[in-house]
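A.B. asks: Sharing a structure, written as structure tokens. Questions coming.
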Amino acid sequence: MDQHLGTDAVFPLGEPNDAYADYFSGKSYLAVLTTQGVPTMHVTFEPGCRNWWHIHHLGGQILLVTGGKGWYQQEGQPPRRLLPGDAVHIPAEVKHWHGAARDSWFSHIAIEIPAPGGSNEWVEPVTEQEYCRLEEQEDRP
Ligand code: MN
């Protein structure tokens, strides 16, 4: 058993994210923090795990990084390296993905921006080739 499952985030690791496993490459964990008002989840990714390219229709999403090292990428944009304390606003209708660095667990709070008729569209996996090119595509000063 891995003694270091997850990150050192103060939010819970939760349970294996079986409901969304089809849309993640690698293993992830989900803790539902609240479903009242604004649905808010804590998501933890094992090293190398990332979700598919996806689109939040109508509502968008906010990510608050709670532990580890990860990536966020909008289609057509350089990938953004994520560390604890980082916040990401993902506008509605933007194709993107988020997930762990290859060598680190990663966790974030995911806040669903409420919108009538809002939905998620899972488009396609982030390929191994795309994932391998993150460092070289990163926008560094
Ligand atoms: Mn998203």
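A.B. asks: Go through region 47-121 and name the chymotrypsin sites (Phe, Trp or Tyr not before Pro) that are in a DSSP coil and have 13 or fewer other Cβ atoms within 10 Å of their Cβ.
C.D. replies: Numbers: sites: W52, W53, W71, Y72, W97, W105, F106; in loops: W52, W105.
Sparse-neighbourhood loop chymotrypsin sites (Phe, Trp or Tyr not before Pro): none present.
A.B. asks: A further question follows. Which trypsin sites (Lys or Arg not before Pro) in region 85-139 pass both tests, a DSSP loop state and at most 13 other beta-carbon atoms within 10 Å? Write down the numbers at each step before the final one.
C.D. replies: Numbers: sites: K95, R102, R133; in loops: K95, R102, R133.
The qualifying sites are R133.
A.B. asks: Let me ask you something else. How much accessible surface area, in Å² rounded to 10, belongs to the heavy atoms of S25 with a 1.4 Å probe?
C.D. replies: Estimated to the nearest 10 Å², S25 gives 40 Å².
A.B. asks: Quick check: at a probe of 1.4 Å, how many percent of the accessible area of region 1-121 sits on carbon and sulfur atoms?
C.D. replies: Details: 3240 of 6060 Å².
Carbon and sulfur together cover 53 percent of it.
A.B. asks: Per-residue ellipticity at 222 nm for the chain, helices alone: DSSP H runs ≥ 4 residues times -39500 (n - 2.57), over residue total, nearest 500 deg cm²/dmol?
C.D. replies: Numbers: 2 runs with 9 residues, N = 141.
My calculation for the chain gives -1000 deg cm²/dmol from helical runs alone.
A.B. asks: Could you give the dipole magnitude of the chain about its Cα centre, charging the beta-carbon of Lys and Arg +1 and that of Asp and Glu -1, in debye to the nearest 20? Before the final figure, lay out the partial values.
C.D. replies: Numbers: 9 positive and 19 negative charges, 53 e Å.
That gives the chain a dipole magnitude of about 260 debye.
A.B. asks: Moving on to the next point. Sorted from largest to smallest, which semi-axis lengths in Å does the alpha carbon gyration tensor of the chain give for its equivalent ellipsoid, taking the root of 5 times each eigenvalue?
C.D. replies: On the way: eigenvalues 83, 77, 40 Å².
For the chain, the semi-axes come out at 20, 20, 14 Å.
A.B. asks: How much length, in nm to one decimal, is gained on full extension between Y20 and E135, taken as 0.36 nm per residue of separation minus their Cα-Cα distance? Please report the intermediate quantities before stating the final value.
C.D. replies: Details: separation 115, 0.36 × 115 = 41.40 nm, distance 2.69 nm.
Contour length minus the Cα-Cα distance gives 38.7 nm.
A.B. asks: Take V32 and E128, extend 7 Å from each Cα along the Cα→Cβ direction, and tell me the distance between the two endpoints in nm.
C.D. replies: With each label placed 7 Å out from Cα toward Cβ, I get 3.6 nm.
A.B. asks: What residues have an amide H closer than 5 Å to that of S104, excluding those fewer than 5 places away on the same chain, when H is modeled at 1.01 Å from N in the peptide plane?
C.D. replies: G48
A.B. asks: Enter the accessible area per residue of the chain (Å², integer; probe 1.4 Å; all protein chains in place).
C.D. replies: Accessible area per residue, the chain: 54 Å².
A.B. asks: So what are the ³J(HN,Hα) numbers for region 31-44, from phi and the Karplus equation (6.51, -1.76, 1.60; θ = phi - 60°), rounded to whole Hz, Gly and Pro as x?
C.D. replies: The phi angles translate into 10, 7, 7, 7, 10, 8, x, 10, x, 9, 10, 10, 10, 10 Hz.
The values are calculated or read from the model by the stated rules, or taken from the named source; none is laboratory data. Remember, it's a predicted structure, so these values are computed and weren't measured experimentally. Because the Cβ atoms are built from the backbone with ideal geometry, glycine has one as well, and the counts that use them run over all protein chains shown. For the accessible areas, the whole protein counts, side chains as well, though only heavy atoms, and no ligand, DNA or RNA atoms are used. Shrake-Rupley method; radii C 1.70, N 1.55, O 1.52, S 1.80 Å.
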